[in-house]
Every structure is written in C-alpha cells, then in structure tokens.
Amino acid sequence: MASAREFRLRIRSVKNIAQVTRALQAVSASKVRKAMQAVLGTRPYATKAWQVLTHIAGQPGRANLHPLLMPREENHNTLVVMISGDRGLAGSYNTNIVRFALQQFDKRSEPVRYITVGRKGRDMLMRRRKTILAEFSRLPAAPSFMDVSAIGRLAVDEFLAERADRVYLVYTSYVNMVKQIPTIKQLLPLELDGGESRVVRFSAHAREASAAYIYEPGEQEILDQIVPRFTALQVYQAILESLASE
C-alpha cells in the first residue's frame, strides 16, 4: 500500500500537470484567435480582387485575356498543393488531409506531383513514394502574404510552362472549434464560374444596372498583375484556414 508521502507526491504531480495543461490551453486559444483574425483580415481584399477579376473576365474574348484563365482540353499532368502541419499533437488533422488527398488523386491516370506545405504531409507522402516537386515548412506562426507568395509563384510557373495542366489546392477549411473540413479547390486554370461565397455579396444586386468601370492603365495590365496575385492569395487564405484548423 502506498504511503502518505507517495500520495502527496502523486497529488503534487497531478496538480503540476493540470497547471501546464491550462497554460497550453490558454496559448492554443490565443493562437486560434490570431489565426481567425488573420483569415477574416484577408477577406475584404480577396473579395474586391475577385470582383474586379470577374468583371474584366466577363468581357468578350475571355479565353484570350490571360493564360491563367485559359482552360486546357486535356490534362496530361496534375500538380497538387497540399497543406498540412509541421508538428503532430493535433489529433487526426495531418492524417485526415493526407488521406483525403490520396483518395482524390491516387486513381488518376495522369502523373500527379505534389507541392507540400508542412513537414508531416511531406513525410507521409514520401513514405508512400509520391513525387514531390517542392516542400515548404517552418512557416511563421502568423505568416504574412510575402512568407507564402513563393508557393503561388511556383504553381503559376509550372502551369505557364505547361508542366501542369491542372493545379489543385488541398487544405483544411476551418468552420469552428469542433469542425474542420478537408477541402479541394481547382487553383489553375482559374475558374470564375461557380458558387464562391465571397461573390454572393455582389450578386445580391444582380438585377440592378451593371456598374461601368474605367481601368487604368488598362485591362490587360491589370490582369497581368491581379491574376497571379489572386492565385497566390488563394494559397495564402488556404494556409490561414489550415493553421486555424490545426
């Protein structure tokens, strides 16, 4: 039978563990709040960029406006940008996103390459002998747009060089503290048709007269800037969503 001293040591040990757990919980809650603030902070810019982009691309001759808007009839190569975490201790977060990506792309007939964001996803794909084009890890806890813009640029370069005919984004969408959803989105060619939630606010007044815009210096110059930047912005938002989910 344990002595009174052993009981006291056990009680002290449990209290210390509880104190550490409370501290970790407070830190995690703070990180979630910061991550959600970052997600919400990008939405006004993304919404306005999407509005300008859809207006320009809605003009006649859309297919010739920009190479990133041009659909390709055949898909010879697929590139997947998959976002996971650098560390474990996040339940099934990393396992779920890797399993989801493999379910979506393992049965494809065309070659599939991956750009991984996060060490855990990279390691799991390497163990399964998947082709990894590039890997990005050790991002800051609160990454800026500049911290992740290279990922979007790499995806754009691969598409423009015709080394990838489709580029997909696989990440975890944050809903709330108890619900996170593995998500797949076609990144390139950029799809302007569909039910993007950020466009709803602009379609609410669809019956009103369409606004007239004058673009300076010109539509083509704006597209050359906004299309690659918006592609990188989608990657940035996906990373922020995944950080909040983690």
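The values are calculated or read from the model by the stated rules, or taken from the named source; none is laboratory data. Owing to the predicted nature of the structure, the values given are computational and were not obtained by experimental measurement. Neighbour counts run over all protein chains shown; Cβ positions are idealised from the backbone, glycine included. Accessible surface is based on the protein model in full, side chains and every heavy atom, while ligands, DNA and RNA are left aside. Shrake-Rupley method; radii C 1.70, N 1.55, O 1.52, S 1.80 Å.
Observations on the model:
- The chain - percent relative contact order, Cα under 8 Å, separation 6 or more: 27 percent
- Restricting the range 93-183 to GluC sites (Glu not before Pro) that sit in a DSSP loop and have at most 11 other Cβ atoms within 10 Å of their own Cβ leaves GLU162.
- Averaging 1/r over every pair of different alpha carbons in the range 1-125 and inverting the result gives a Kirkwood radius of 20.1 Å.
- Angle in degrees between helix 219-245 and the longest Cα principal axis of the chain, rounded to the nearest 10: 20 degrees
- Peptides 13-21, 113-121 ordered by average Cβ neighbours within 10 Å, highest first: 113-121, 13-21
- Ordered from longest to shortest, the equivalent ellipsoid semi-axes for the chain are 42, 23, 14 Å, each the square root of 5 times a Cα gyration tensor eigenvalue.
- Sum of -39500 (n - 2.57) over DSSP H runs of 4+, divided by residues of the chain (222 nm, nearest 500): -17500 deg cm²/dmol
- Nonpolar atom fraction for the chain, defined as the carbon and sulfur part of the 1.4 Å probe accessible area, stands at 53 percent.
- Accessible area per residue in Å² at 1.4 Å probe, computed on the chain: 60 Å²
- Pairs from the list LYS34/LYS185; LYS34/LYS107; LYS34/LYS130 with a Cα-Cα gap above 30 Å: LYS34/LYS107; LYS34/LYS130.
- Of every Cα-Cα pair in the range 98-180, the percent that sits beyond 17 Å: 55 percent
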